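Quick note: the coordinates plus some simple rules give every number you see, no bench work behind them. All of these numbers come straight from a predicted model, not from anything done at the bench. Don't worry about glycine lacking a Cβ; one is built from the backbone with ideal geometry, like all the others, and counts go over all protein chains shown.
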Amino acid sequence: MRLDVIVRVTTKFFLPFMLLFALYVQLHGDFGPGGGFQAGVITAATVILYAIIFGLAPTMRLVPPIVVESMVPLGVLIFLGVGVAGFVTGDNYLNYSHLAHDQVHGQELGVMLVEAGVLVTVCGTMIAIFYTFADRGRS
Amino acid sequence: MVLLTLMAAVTVGIIRVRNLFAVVVLSSIYSFLMASVMIVLDAVDVAMTEASVGAGISTVLMLGTLYLTKTSETVPVHTPALPLFVALGTGVALVYGTFGLPPFGAADTPLHTHVGASYLANSVAETGIPNIVTSVLASYRGYDTLGETTVIFTAGIGVLLLLKRLARASRNG
Amino acid sequence: MSQVAELLPLYNYWITIFLMISGLYIVVARGNMVKKLVGLSLFQTSVYLLYLSPGKILGGTPPIIAEGFEVYSAPLPHVLILTAIVVGVATLALGLALIVRINEAFGTIEEDELFDRDDDDA
């Protein structure tokens, strides 16, 4: 029996709950502590934990490096896009007031899109940096 | 506050210990204690970020670096007299500065009365978001968050440029 | 005795300053680059404490508007420090990547050995 059986089984239990918690933190950032940065880091930590326990090659099959590296600029583009939508529909860059039918809903929609963009960039960057560090030592 | 004294003790440990693996673990403990102090100071968003980023990602990256380099520090050859004097002199000047600060926990300092009070009063009416930190971060000060996301993006691109191995290229490093 | 009672609220500022000068001492006095980066992050976190401490109101709550609470701690420093933490980890990642490349190019990460090698080559 391999020595890490206990760790592998317990981690398999944990991982879905960590992802669920990251989703909760992201979507409830308006009503409690949370938001894009925390949720992005928790999602990246889930993938990194999977890589530590099960090895780097299975993780790279599950979350390919190409996907991770394209997530990094995608979040910045989402953020910039919301800003451009601000001045296409209203008066200033990054002004969310006219994105929906009244100001409060427009602000909430803008904040949700912006936090999603931050989540994508932070998660992608953390996983990409981990992949790069781990890959360097495998030569 | 007991937590702050514990943090000072961990810091003395980080200075004295020469095994780098132990230094990384001590710095992870330090980040965890810092997150607890931040909760006591009512900064819950910041505490969550510091706990996940400081005790999580930072520790993993430093352990990865130790795996790629070596794990203990050599004995310092220079005497620490001049750096100690510089550090202590700066400390004395800063302590002299703290005597001019307002008392801890007061509610009428300029920090609480000018812009902060207007954010607290108008946030739910204008944006409908009860968490003031999120509404200030994403709506009132959205430009700063855009700059911050760009900084994270730049750091990711920088690390990829420095360390990524291309599968087909030669091993020039 | 009353002077001690006056100085007690300043205790957490003094601990913050102690953390700051120990971070500064590590950066200046130690030659190992990983330890220098740890000292730098120590310095940065003590600056976060310096920003957050004046924002707290004794008897207040975290700045999330809810029924039944009136006094909230100041939200502006929280926003600044949130950005600062994430920028800090970004610079840490870049610094560690540079250390790995320096180690591959020169074989050492101690500053003294690098200077000796530079003096030998020059």
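Structure notes:
- Within the set A:Q38, A:Q26, the sole residue that is in a helix (DSSP H, G or I), of a type outside the set (S, T, Y) and touching a Gly at 6+ places or on another chain (Cβ under 7 Å) turns out to be A:Q26.
- Among residues that are assigned to a helix (DSSP H, G or I) and over 25 Å from A:I129 (Cβ atoms), C:E70 is not included.
- Subset of region A:87-139 (residues that are free of Cβ contacts under 8 Å to residues at least 40 places away in the same chain, of a type in the set (F, W, Y), in a helix (DSSP H, G or I) and facing another protein chain (nearest Cβ under 10 Å)): A:F133
- Region B:139-165 - residue that is more than 14 Å from A:E69 (Cβ to Cβ) and over 21 Å from the mean Cα position of the chain (by Cα) and, of those, farthest from the other protein chains (Cβ to nearest Cβ): B:Y140
- Residue match in region A:48-69 (condition: at the interface with another protein chain (Cβ under 10 Å from one of its Cβ atoms) and under 30 Å from C:P62 (Cβ atoms)): yes
- Pairs, first over 13 Å from C:R30 (Cα atoms) in region B:14-28, second among the small types (G, A, S) and surrounded by 14 or more Cβ atoms within 10 Å (Cβ to Cβ), C-beta under 8 Å, six or more apart: B:L26/B:G13; B:S27/B:S58; B:S27/C:S41; B:S28/B:G54; B:S28/B:A55; B:S28/B:S58
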